[in-house]
Amino acid sequence: MMASLSRVTVTRRQFLGGISIVALGTALDACSLIGGPSPRTPVTPAPSGHTPDLVLRNAIVLTMDPEVPTADAVAIEGDTIRAVGMQAEVLAAAAPGATIVDLGGRVLLPGFNDAHCHRIGDRGVSGIETAEDAIEDALAGGWTSISELFVNQERLDELRELDEADRLRLRVACYLPVNYLEDKFGVWFGDYEPRQVFSPHLRIGGVKIFADRADPDKMFLTEPHIDRPDYHGDVYWTPDELTDLVRSLHDEGWQIATHTCGDAAHDLVLNAYEAALAGAHNAAHRHRIEHALVIRDDQVERMRQLSILASIQLPFMNSDWGELLEPTLGPNRLAWAGRWRDLLEAGVPVVGSTDFPWAIRDKLNGASGPAMTALWNGATRIGQEAGPPPPWLAAQAVTVEQGLELITRGGAYATFEEDRKGTVTAGKLADLVVLSDDPRSVAVDKLPDVRVEMTMVGGRVEYCAPDAGALCALGGARPG
C-alpha cells in the first residue's frame, strides 16, 4: 500500500522541471499563470469538517465542469477532491502541514475514461503479457477508468483477484457478453446484479450483445454490398430473438451495450431498444450502440429521439479505411460512415473510447493506446499510414474540446458515474491527470507529443513520467 499523502516527506532535491513544494502559509508566487484562469474564477469550497492534506497549485486546471470551467489549484483529502478554484482560497481550505505541490503551469484534467476497450482482457493482441503491464500501460496513457467490453467469467475472476490483491490500480467497469458472433452464451451472469459494485475499483457496467460484424465486408447492410450483390452481411439474431432478449435484460435492470455496425443492424437494434423502453426515457437505462459505423440520416435522428448512447471509437473510421469501405459501400453510402460530428451536432448522447487494442486490420492493432493519440485520431481522422482523409471523412472530424468531453464527462456518464468522476469538482474522486501541455492550444499534429506526466487514481499517484520529480514522490508512485 502507498503511504498516506499527509505523511509524505519530500526534499527539495526531489523536485525537477520547476516543480516545488512549500509549507502551508509560505508566501505564494506573485507571477500569474500564462493561459491561467481569470481572477474571478469562483472557488468550489471544501465541505465543512474536511481539511485537505494535499494541494496541487500553479496549474492550468481544465475542470470539464461547466459551472467552474477553469481554476489554478485543487485540494485533495484522501481519495476525494475537496476544493477547486483560485490557489489562495484553495490553500486556505487546506490543513496545517498539508503537502503542497507547485505544478509549474502544467495542465491538470480529470482522468480519462475509455468507454470501450479490451486493454486487460485482450492484452496479448498488443504484445502485453500480464494484466499488471496492461494496467500500467493504460495509466501511462492517462486513463484512470476503462470499460472492458468483453468480460466472461474467467476474465471477471482475474479482475476480482487483481482487485482483492490491491493490484487493480485503475477503475474498471465490466460488460458481460451474451454472445460472440454465432456463439450464444445465454444469461450466464444470473448470480450478478446490474451495476453491481465489488469495490471502488471494480464494478459491473452492463451486458454486451453482438448484432453484426465490424469488418466492412461483413457488416449487416440494408442494401447489398456493392462487391457482393447477393450479400447483405452477417447478422446473429432474428428481429424477434433480439427484441425478446433486449426486453428481458431491460426489465431486469441491465444496461445493454450492443455492437452494431451496418445500417441494417442499426434498424434491428433500435427497434429492440424502442420496444424495451416502451416510451420511457433512456436516461435511466443508458442503452448503448457500440461503434455506430454506418448510419443513415433517419437513424441519427432516431437515436436522438430515443436518447440512445452512441459509443464511438476516436481511432476508428480514419484515412486507412477508405480502401475497405469503398468496395462494399459504394460512393452513395460513404457519407454514412464514421459520422462522429453529425452525431454530436444532432444532439445524440455520445461517449468516446478507443477499442484498444483492436482495429479492423491486423497492422492497425495496438494503435491509439494513449489518450492524446486518440484525440489526434478524432481531430484529424488520419490513420496509422498517415494519409490524408477523404473529404467526406475529414468533414466528420471532432474538435479537441469535443474529444476531451467524450473521454472525461462522456465516459463517466456511460457508466452512471457522473456524480463521482469525469470532472474536477469538489466531492468527486481525485482521479486526475497532469499533462505537459494544453491539448487545446498545441498544433493538432503535435497532440501525440503531449506527455502524460502524472496519473492519479483516488488520490494515489499510480503513474509518473521518469523525470516528474515530486509527482513521483507523492504516495510512492513508481516511475514510468
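The values are calculated or read from the model by the stated rules, or taken from the named source; none is laboratory data. Only a predicted model underlies this, so the values are computations on that prediction, with no experimental measurement involved. Reconstructed Cβ throughout: ideal geometry from the backbone, glycine too, with neighbour counts over all protein chains shown. Only protein heavy atoms, including side chains, enter the accessible area calculation; ligands, DNA and RNA are left aside. Shrake-Rupley method; radii C 1.70, N 1.55, O 1.52, S 1.80 Å.
Miscellaneous remarks
- Per-residue [θ]222 nm for the chain (sum of -39500 (n - 2.57) over DSSP H runs n ≥ 4, rounded to 500): -6500 deg cm²/dmol
- Accessible-area order (highest first, 1.4 angstrom probe) of the listed residues R381, R155: R155, R381
- Among the helices of the chain, none built from whole DSSP H runs has Cα atoms reaching 15 Å or more along its own axis together with a mean Kyte-Doolittle hydropathy of at least 1.0.
- Rounded to two decimals, the Cα-based Rg/Rh of the range 177-275, with Kirkwood Rh, is 1.04.
- Unit charges at the beta carbon, dipole of the range 162-290: most positive-side option, F198, H250, V235: F198
- Cα shape, the range 308-411, gyration tensor, a/c 1.5 rule: oblate
- Here is the size of the range 106-172 from its Cα atoms: Rg then Dmax, 11.9, 42 Å.
- Pairwise centroid distance, computed over Cα atoms, of the range 125-164 with the range 298-323, Å: 26
- Straight-line cross-link partners of K446 among the lysines, defined as a Cα under 26 Å from its Cα and at least 8 positions apart when in the same chain: K363.
- Under the criterion of Cα pairs below 8 Å and six or more residues apart, the relative contact order for the range 406-447 equals 23 percent.
- When D431, D234, D191, D449 are compared by accessible area of protein heavy atoms, the largest-first order is D191, D449, D234, D431, using a 1.4 Å probe.
- Global size of the range 84-227 as Cα Rg and Dmax, reported in angstrom: 20.4, 71
- Accessible surface ranking that places the most exposed of M64, M303 first, with a 1.4 angstrom probe: M64, M303
- Of (1) 67, 62, 53; (2) 72, 71, 52; (3) 76, 49, 43, the label for Cα extents along the principal axes in Å derived from the coordinates: (3)
- Solution diffusion estimate, µm²/s, Stokes-Einstein, the range 376-441, Kirkwood Rh from C-alpha pairs, 10 °C, viscosity 1.306 mPa s: 115
- Spatial separation of Cα centroids for the range 185-245 and the range 64-81, in angstrom: 38
- The listed peptides 308-314, 441-447, ordered by packing as a protection proxy, come out as 308-314, 441-447 (highest mean of other Cβ atoms within 10 Å first).
- Pair A395, V442: separation of 7 Å Cα→Cβ label points (nm): 3.1
- Cα-based Rg / Dmax (Å) for the range 389-480: 15.7, 49
- Rounded if a/c under 1.5, otherwise prolate or oblate - the range 288-358, Cα gyration tensor axes: oblate
- Relative contact order (percent, whole number), the chain, Cα cutoff 8 Å, 6+ residue spacing: 18
- Percent RCO, i.e. relative contact order, over the range 250-316, from Cα pairs under 8 Å lying at least 6 residues apart: 39
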